[in-house]
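Trainee: Take this structure, written in structure tokens, and hold onto it; I'll ask about it next.
The values are calculated or read from the model by the stated rules, or taken from the named source; none is laboratory data. All figures in this text were calculated on a predicted structure; none of them were measured in a lab. As a convention, Cβ positions derive from the backbone with ideal geometry for all residues, glycine included, and neighbour counts pool all protein chains shown. For accessibility, only protein heavy atoms count, side chains too; no ligands or nucleic acids. Shrake-Rupley method; radii C 1.70, N 1.55, O 1.52, S 1.80 Å.
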Amino acid sequence: MVRYVLRRLPSAIVVLLIASVVIFFILRLAPGDPAASLAGPDASEATIQAIRHKLGLDEPLVTQYVIWLRGIVTGNPGDSYILHAPIAQLVGESLLNTVELALGALVLALLGGSLIGYLLGVVRARWAQTLLSGLTSLGIAVPTYVSGVLLILVFGVTWRVLPPGGIGPGFSDFALGWQYLLMPAIVLSLPTGATIARFLASSMRQTLDQDFIQTGIAKGLRRRRLMLGHVVPNSLPPVLTILGIQIGQLLGGAIIVETIFAWPGVGQLLLQAVTGRDYLLTQDLLLIAVLVFIVVQLVTDIIDAALDPRIRLERA
Amino acid sequence: MRRTHGRLRLRSKRSIALIALGAAASLALSGCVSAVQQSGSSNGDPVKGGTLHIVQAADIQPATLFSQNNPNFSVSRTVFNYLVDYDHKTLKPQPELATSWKQSADGRTLTFELRKGVTYHDGRAFTAADVVGSLKAVQRPDVASQVKSIAAQIDTMETPNDHEVTIHFKIAMSNVMDLFLMMPIIDPAHLDELLTGKDFNGTGPFKVEKYSPGQGLTLVKNTAYWKKGQPYLAGVDIQVVRDSQSMLSSLKAGQSDLALDLAPLDASTLKDAPGYQLVLSDANDSVQYIGSNVTVPLLSDKRVRQAISYAIDRNRIVTQVDGGVGTPTSLPWAQSSPAYDKALVNHFSRDIDKSKQLLSEAGATGQSVNVYYDSGFAPNVGIAEIVQFDLTAAGLKPSLVPLQASDFLDKLRNGGFDGMFLTGHGFGQLNPATLLKGAFPFNADKNASSFNSPDYKALANEVWQTNGVPSDATLSKVNNFLLDQQFVSDLVLTTHTYGITSKLKGLSETMLDYVDLDSAYLQK
């Protein structure tokens with residue numbers, strides 16, 4: 001396994017390097033000027049030039065790229081142009097918040113998606129199939145900005161049982177923190193949970209048609225052991241693959257959910273960085289996003305291999 | 001072929017029991033502590049004490065504290081003080097950190113007597129040197145301010161004692177007091193830290209306890225504030241909530257007490273809602289306008305620009321986009337401005353026939369024109385659609401081009417629009433020279449419309465370089481010039497809004513719309 005990970009490492013570094021070049025230069029091609037954003041409305045050209053010089057934006061592009069890369073490699077990515085705080089601190093704080101939200105959403109998506117997927121896979125009653133299929137279709141089709149606003153309206157404004165936004169004390173006071181987390185996590189989990197449900201159901205149906213299941217039944221295996229010991233484990237690899245992709249989408253979806261629920265995570269930070277043309281912060285956040293994708297894919301591959309000996313053998 | 005599904009039925013009763021158990025556990029947990037109750041009940045005594053919760057759409061921008069910039073409205077007057085404020089109707093300066101002032105006969109020298117017993121949040125006494133330091137900060141090249149042109153005219157400054165400062169200007173300026181209205185008194189020794197949001201040492205009623213960039217601020221009462229017994233509030237919590245609907249939800253859920261600048265249609269829902277109020281600032285300093293780049297061949301003809309102004313239905317913008325907040329206008333001035341002329345306000349009432357006739361005379365009928373707008377600002381989308389409809393009715397072929405804020409701002413500053421541009425401006429509520437010399441759409445020296453006219457420059461200088469208020473004749477000339485040239489077509493005179501819960505009392509605002517919480521308190 002270690003050899004497998006080490007073999008993937010050089011290609012991951014190359015991907016990161018290429019991504020850094022693309023991110024840096026595409027951002028520079030986009031219209032807008034961080035110095036102008038920083039100067040605010042009605043600022044004179046002289047003021048903007050002075051700010052540009054202070055930020056080092058009047059240096060040649062290649063120099064700026066090298067300075068940025070050197071900052072990352074040496075662990076000192078510098079300060080945000082707009083927020084003026086150390087980028088490491090900004091990213092660290094917001095990343096923790098997003099991880100908290102994404103983890104909450106992931107847990108809900110796994111629980112809900114697995115339950116509905118399992119039911120879809122085994123229940124044959126037409127009404128139940130229609131109901132469960134309808135639920136998964138809703139989960140995928142309803143955009144988060146609709147489900148988010150609806151939940152806020154019902155639970156935050158009308159019934160006032162959950163706070164409509166903000167992050168609260170987080171894990172430092174979980175009795176309070178979970179109430180802030182619940183609504184955004186549910187909203188973020190809906191598309192992922194629905195996708196998991198559909199893939200699990202489909203995969204279980206295929207597994208149930210396999211000969212070894214028939215053998216198990218013929219041998220008189222108990223139903224629970226057959227399902228949990230054979231059907232579910234053999235149905236998981238495609239679900240895990242899609243889960244890896246879904247985690248990426250979960251982070252993407254967090255941008256909207258964080259905005260609706262005023263959750264100060266990476267999504268909000270990225271939005272602020274992009275709209276203010278905060279080059280350094282945007283570059284760092286995008287590069288981290290690429291890194292997260294690479295790591296998630298790697299972890300997914302490793303879990304796949306651990307679950308399925310055939311994959312291990314293929315890769316060996 | 002399915003073979004086994006029939007035998008693998010779910011034991012539904014057990015499943016339902018499990019789900020019910022889960023739901024019961026959730027309900028039990030929800031009974032522990034209510035985040036909603038905690039948020040609403042932390043305010044304490046309604047008259048003295050309590051924390052005011054503010055939500056606003058964007059984070060503060062410390063680098064622009066010397067400018068009038070909307071995201072800073074919640075901190076500009078709560079953390080800092082100014083030498084003067086204005087009477088909102090007469091523009092007569094009112095004492096703040098300056099207790100009195102006198103101007104020389106030639107208008108070139110101003111002497112301020114400063115308030116005694118004022119201290120900064122760190123305990124240091126406020127002196128005349130701090131006024132000099134604050135003025136030098138405005139003059140610094142990397143500090144933006146709409147009144148920089150006034151500060152640039154400072155010749156010398158003297159501080160005969162700790163409570164008196166004399167400023168000599170190279171010229172007399174009609175808007176000289178606008179500099180002291182807009183310049184916060186900062187701690188000059190920590191200017192760089194202030195501009196980067198690391199130190200907010202001011203003399204205002206609240207001090208910054210914690211600033212979380214991008215998220216918000218926590219302010220606590222300045223117990224040594226120079227207004228005895230004030231402020232009443234123990235603290236202020238400012239949270240950044242980017243979405244207007246989420247801000248409204250926060251207010252309606254009791255999580256916040258004050259929502260700054262809700263999108264107009266969200267704000268209008270508070271008008272008749274029991275328990276809430278929509279407070280309109282009486283400064284009326286926001287004007288929605290459409291500008292024309294006069295170097296574009298189609299728009300270089302002033303008849304086309306006038307035709308555009310005649311075509312637009314300003315009343316429809318007020319009712320459909322601004323939720324009834326605002327009045328149609330053809331000029332940039334608020335009622336408080338000496339240049340405000342009631343007879344000219346509705347000069348460009350909608351007249352499609354006249355618009356068609358002017359376009360026809362200019363040979364512009366059927367021509368295409370781009371209309372740019374900042375799509376991140378909610379009202380712009382609605383206004384852009386009305387403009388498109390009206391210009392089409394007049395005989396033009398308008399295309400709407402939405403841009404991100406930073407792109408829009410960049411093009412606005414560089415005259416980069418190859419057509420028209422839709423946005424808003426302020427400064428119509430102050431002395432007219434501040435608009436003509438400092439607000440970017442009207443700046444006679446360089447403006448977003450690339451309108452370069454010696455006549456306009458001369459007029460602007462005539463208004464500016466005057467000892468005292470410019471004459472009615474001069475202001476009349478300016479108004480007629482602006483109406484005739486229409487490089488900026490003003491549409492709606494509107495204002496900043498504050499959505500509040502009914503328990504918030506004593507809220508007021510400065511002439512620049514900065515939130516003033518000196519007398520604010522939370523009623524039980």
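Trainee: What does the net charge come to around B:G197 if you take all other residues with beta carbon closer than 12 Å to its beta carbon, with K and R at +1 and D and E at -1?
Mentor: It works out to a net charge of -3.
Trainee: Now for a separate question. With an 8 Å cut-off on Cα pairs and a minimum separation of 6 or more residues, tell me the relative contact order of chain B in percent.
Mentor: Relative contact order comes out at 21 percent.
Trainee: Is the protein assembly as shown rounded, prolate or oblate when judged by the Cα gyration tensor, a ≥ b ≥ c being the square roots of its eigenvalues, rounded requiring a/c under 1.5 and prolate requiring a/b larger than b/c?
Mentor: Prolate shape, in that a/c is at least 1.5 and a/b is the bigger ratio.
Trainee: Apply the a/c threshold of 1.5 to the C-alpha gyration tensor of the range B:68-204 and tell me whether it is rounded, prolate or oblate.
Mentor: rounded
Trainee: Can I ask one more? Distance between the C-alpha centers of the range B:184-246 and the range B:74-90? Whole Å please.
Mentor: 15 Å
Trainee: When Cβ neighbours within 10 Å are restricted to other protein chains, what is their mean count per residue of peptide A:45-54?
Mentor: Values: counts 3, 3, 8, 6, 2, 5, 6, 1, 2, 3.
The per-residue average across the peptide is 4.
Trainee: Please compute the contact order of the range B:239-328 in relative form: average sequence separation of alpha-carbon pairs under 8 Å and at least six residues apart, divided by the residue count, as a percent. Please list the in-between numbers first.
Mentor: Numbers: 51 pairs, mean separation 19.5, N = 90.
RCO, the range B:239-328: 22 percent.
Trainee: A follow-up question, please. To the nearest Å, what is the center-to-center distance of the range A:128-196 and the range A:260-313, using C-alpha atoms only?
Mentor: Each part reduced to its Cα centre gives a spacing of 22 Å.
Trainee: Let me check I've understood the local charge: for B:D445, count other residues with C-beta under 11 angstrom from its C-beta, Lys and Arg +1, Asp and Glu -1. What total comes out?
Mentor: Taking every other residue near B:D445 into account, the sum is +2.
Trainee: Sticking with this one: Once you mark the trypsin sites (Lys or Arg not before Pro) that are in a DSSP loop and have at most 13 other Cβ atoms within 10 Å, what is the longest gap between them in chain A?
Mentor: A:1-123
Trainee: I've got another one for you. Report, in listed order, any pair from B:K116/B:K524; B:K89/B:K116; B:K198/B:K221; B:K136/B:K457; B:K228/B:K271; B:K354/B:K437 with a Cα-Cα distance greater than 25 Å.
Mentor: Correct reply: B:K116/B:K524; B:K89/B:K116; B:K136/B:K457; B:K228/B:K271; B:K354/B:K437.
Trainee: Hey, another quick one. Using a 1.4 Å probe over the heavy atoms of the protein chains, calculate the carbon and sulfur portion of the accessible area of chain B as a whole percent.
Mentor: Exposed carbon and sulfur together represent 52 percent of the surface.
Trainee: Per the Cauchy relation, a quarter of the hull surface: what is the mean projected area of the convex hull of the alpha carbons in the range A:2-74, in nm²?
Mentor: 6.5 nm²
Trainee: I would also like to ask the following. Net charge near B:S337: determine it from the other residues with C-beta under 14 Å of the C-beta of B:S337, scoring Lys and Arg +1 and Asp and Glu -1. The partial results should precede the final answer.
Mentor: Details: positive: B:K89, B:K92, B:K342; negative: B:D87, B:D178, B:D282, B:D285, B:D341, B:D472, B:D490.
Charge balance near B:S337 sits at -4.
Trainee: I've got another one for you. Roughly how many nanometres apart are two label points built 7 Å out from the Cα toward the Cβ at B:D445 and A:S202?
Mentor: Computed distance between label sites B:D445 and A:S202 equals 6.5 nm.
Trainee: Which shape class, rounded, prolate or oblate, goes with chain A when its Cα gyration tensor gives a ≥ b ≥ c as root eigenvalues, a/c under 1.5 marks rounded, and past that a/b bigger than b/c marks prolate?
Mentor: Working: a/c = 2.94, a/b = 1.63, b/c = 1.81.
Verdict is oblate for chain A.
Trainee: Quick check: the distance between the Cα centres of the range B:394-424 and the range A:224-241, to the nearest angstrom?
Mentor: Computed from Cα coordinates, the inter-centre distance equals 57 Å.
Trainee: To the nearest 100 Å², how much accessible surface do chains A and B hide from each other in total, with a 1.4 Å probe? Present the calculation step by step, with values, prior to reporting the outcome.
Mentor: Numbers: alone 17580 and 22330 Å², together 34520 Å².
It comes to approximately 5400 Å² buried between A and B.
Trainee: Another question about this same structure. With +1 assigned to the C-beta of every Lys and Arg and -1 to the C-beta of every Asp and Glu, and no other charges, what is the dipole magnitude of the range A:2-74 about the Cα centre in debye, to the nearest 20?
Mentor: Charge dipole, the range A:2-74, about its Cα centre: 700 debye, nearest 20.
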